[in-house]
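The values are calculated or read from the model by the stated rules, or taken from the named source; none is laboratory data. Quick caveat, the model's predicted, so the values are computed rather than measured. Methodologically, a virtual Cβ is constructed for each residue, glycine included, from the backbone with ideal geometry; neighbour enumeration extends over all protein chains shown.
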Amino acid sequence: ETGVTQSPTHLIKTRGQQVTLRCSSQSGHNTVSWYQQALGQGPQFIFQYYREEENGRGNFPPRFSGLQFPNYSSELNVNALELDDSALYLCASSSQTGAPTEAFFGQGTRLTVV
Amino acid sequence: GQNIDQPTEMTATEGAIVQINCTYQTSGFNGLFWYQQHAGEAPTFLSYNVLDGLEEKGRFSSFLSRSKGYSYLLLKELQMKDSASYLCAVSSPTTTSSALEPERGNQAGTALIFGKGTTLSVSS
């Protein structure tokens, strides 16, 4: 186990609803990144948080937003859910930004939008 | 643009050696990672290369050629439990220098740009 925990593990939502996913980073890690992994695809970078500020963003619309808290845990919020948002959402924590240190992944949240 | 290519599927038998290739074209390069992902589970770290050459770690080795934009993961003495998806990922900067805020003590972040993964099936 990596020490990165995500909740919930599974979630079913209806199109148009909003969802919040949570991630507790590994002890000592101050950087959290979120990824979306569709079935049969590699993870795609959503955004990264460092010291409670967004520190980089991938090609995702503004309805994907996030937060990082003083204890370095993080939330991913998705508004106006679409069917294509159905995916495994992965949180990864690392010890610093600006250096390619190993990222430790949580087990993911499987989101199904119906 | 960002592009990472690796074969979709590979098959091999127990005890054999398999090489999974990865080619990449990215706007930035801070290193190349290989991750293993079993179905329904999180990716787990296998290896990291930032300089050209071969890195060996037990049954797994990874090679990098930055000039060719090429890497491979070599798995020796294959076991059934090695059946999984293998993800090639390039570490790339997320923030340009113009966006840095020195007063916040921030520095450029890095994101992992993943390929689609190679599904390896090991049979007895």
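Structure values in brief
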read-out: Filtered residue count, segment A:1-45, keeping only those that are assigned to a strand (DSSP E or B) and either of a type in the set (S, T, N, Q) or free of Cβ contacts under 8 Å to residues at least 40 places away in the same chain (or both); value: 11
read-out: Selection from segment B:17-62 of residues that are basic (Lys, Arg) and surrounded by 12 or more Cβ atoms within 10 Å (Cβ to Cβ); value: B:Arg59
read-out: Residue in segment A:94-103 that is within 13 Å of chain B (Cβ to nearest Cβ) and either part of a strand (DSSP E or B) or in contact with a helix residue (DSSP H, G or I) (Cβ under 9 Å, 6 or more places away or on another chain) (or both) present; value: yes
read-out: Criterion violated by A:Gln107 - all others in (1) within 8 Å of chain B (Cβ to nearest Cβ); (2) modelled with pLDDT of 95 or more satisfied; value: (2)
read-out: Number of positions in segment A:48-67 that are modelled with pLDDT of 95 or more and closer than 18 Å to A:Phe105 by Cα; value: 2
read-out: Any hit, segment B:70-85, residues being under 10 Å from the mean Cα position of the chain (by Cα) and within 27 Å of A:Thr5 (Cα to Cα); value: no
